[in-house]
Amino acid sequence: MNRFLTLFVLLVLVTAAVSNHKVEASSVLKLGSKGQDITDLQFRLQTMGHYNLPIDNSFGKATRTAVQSFQKKNGLQGDGVVGPKTWAKLKKLSVNKKELSMLARVIYAEARGEEYKGQVAVGAVVMNRLQSSKFPNTVKEVIMEPNAFSAVKDGQYWLIPNQTAFKAAKAAVKGNDPTGNALFFFNPIITNSAWFKTRTATKKIGSHQFTL
């Protein structure tokens with residue numbers, strides 16, 4: 001009897017967990033919505049240049065207009081409602097506040113000695129990987145993927161980025177990509193890897209060669 005009771009309780013808990021997950025996954029933001037999700041939404045829209053008002057936790061008309069702008073630019077129904085499809089596209093093309101800091105860190109660590117264009121280029125590689133099916137689905141996973149970036153491996157990633165790195169990160173999020181859609185980069189003077197030589201080169205910016 002106890003065994004059946006235990007199984008019943010486990011079944012109830014699993015069902016509840018699945019139900020909660022479905023509710024979260026299908027969460028919809030629209031005019032009049034409030035909460036921390038709005039703050040995240042506005043930050044993402046702001047970094048992409050769609051929203052230019054102070055960030056708060058209220059979905060007003062300005063937020064709806066910004067959402068519509070993003071939707072129309074990216075081939076989505078321009079209804080101003082943030083449902084699963086809009087969220088999915090946003091998370092492939094934008095970053096939240098913590099992810100922006102991570103992007104600035106990897107830019108500073110990998111390219112702080114490069115010209116500004118070269119720093120934007122490193123950020124663009126991260127964003128290109130985020131949008132590619134060949135790489136992980138979040139900025140954190142892209143950056144922390146084993147052996148993805150030498151600066152993570154040798155610890156330079158943990159240096160504090162400067163304002164130029166943040167500026168370059170924001171430019172990359174807005175879609176500025178001087179690399180030609182590159183997914184990799186390396187310094188030919190430092191790296192003698194035969195693997196890199198098999199990649200299709202796109203642009204040479206500063207010390208870095210960018211490739212597909």
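Taking only Cα atoms and a 10 Å spring cutoff, compute GNM fluctuations for the chain and point out the largest among Ala169, Ala109, Ala201. Greatest mean-square fluctuation among the candidates belongs to Ala201. Restricting to Cα pairs below 8 Å that are 6+ residues apart, what does the relative contact order work out to for the chain? Please round to a whole percent. Answer for the chain is 18 percent. Kindly identify the range 103-212 as rounded, prolate or oblate by the Cα gyration tensor criterion: order the square roots of the eigenvalues as a ≥ b ≥ c, call it rounded if a/c is under 1.5, otherwise compare a/b with b/c, prolate if a/b is larger, else oblate. Rounded shape, in that the Cα axes give a/c under 1.5. A straight Cα-to-Cα reach below 19 Å connects Lys73 with the aspartates and glutamates Asp177, residues fewer than 8 places away in its own chain not being considered. Of the complete DSSP H runs in the chain, those spanning 20 angstrom or more by Cα along the long axis with a mean Kyte-Doolittle score not below 0.0 are 2-25, 97-111, 116-131. Partners of Lys30 within straight-line reach, counting aspartates and glutamates whose Cα lies under 15 Å from its Cα and excluding those fewer than 8 residues away in the same chain: Asp40, Asp56, Asp79.
The HN-Hα couplings worked out from phi for the range 199-207 by the Karplus form 6.51 cos²θ - 1.76 cosθ + 1.60 (θ = phi - 60°) are 7, 7, 6, 10, 9, 10, 10, x, 7 Hz, whole numbers, x standing for Gly and Pro. Computed over the chain with a Gaussian network model linking Cα atoms closer than 10 Å, the most mobile of Phe185, Phe135, Phe70 is Phe135.
Secondary-structure-derived ellipticity at 222 nm for the chain, considering helices only, amounts to -16500 deg cm²/dmol, per-run term -39500 (n - 2.57) for DSSP H runs with n ≥ 4. For the pair Lys73 and Lys140, the difference between a 0.36 nm per residue extended length and the Cα-Cα distance amounts to 21.6 nm.
Of Lys72/Lys153; Lys174/Lys204; Lys91/Lys197, which sit over 28 Å apart, Cα to Cα? Distance filter (> 28 Å) returns Lys72/Lys153; Lys91/Lys197. Could you tell me which residue out of Ser69, Val139, Leu90 lies farthest along the dipole of the chain toward its positive end? Charges go on the beta carbon: Lys and Arg +1, Asp and Glu -1, centred on the Cα centre. In the chain, that residue is Ser69.
Distance between the modelled labels on Ile55 and Ser132, one decimal in nanometres: 2.8 nm (7 Å Cα→Cβ projection). About its Cα centre, the dipole of the chain is roughly 400 debye, where the only charges are +1 on Lys and Arg Cβ and -1 on Asp and Glu Cβ.
Quick check of the Kirkwood formula: for the chain, what is the inverse mean of 1/r over all pairs of different Cα atoms, in Å? Computed over the chain, the radius equals 19.1 Å.
Here the accessible area of the chain is 56 percent carbon and sulfur, with a 1.4 angstrom probe and all protein chains present.
Remark: the range 149-196 carries 58 Å² of accessible area per residue (probe radius 1.4 Å; ligands, DNA and RNA excluded).
The values are calculated or read from the model by the stated rules, or taken from the named source; none is laboratory data. Quick caveat, the model's predicted, so the values are computed rather than measured. Neighbour counts run over all protein chains shown; Cβ positions are idealised from the backbone, glycine included. Heads up: the accessible areas ignore ligands, DNA and RNA and are worked out on the full protein's heavy atoms, side chains in. Shrake-Rupley method; radii C 1.70, N 1.55, O 1.52, S 1.80 Å.
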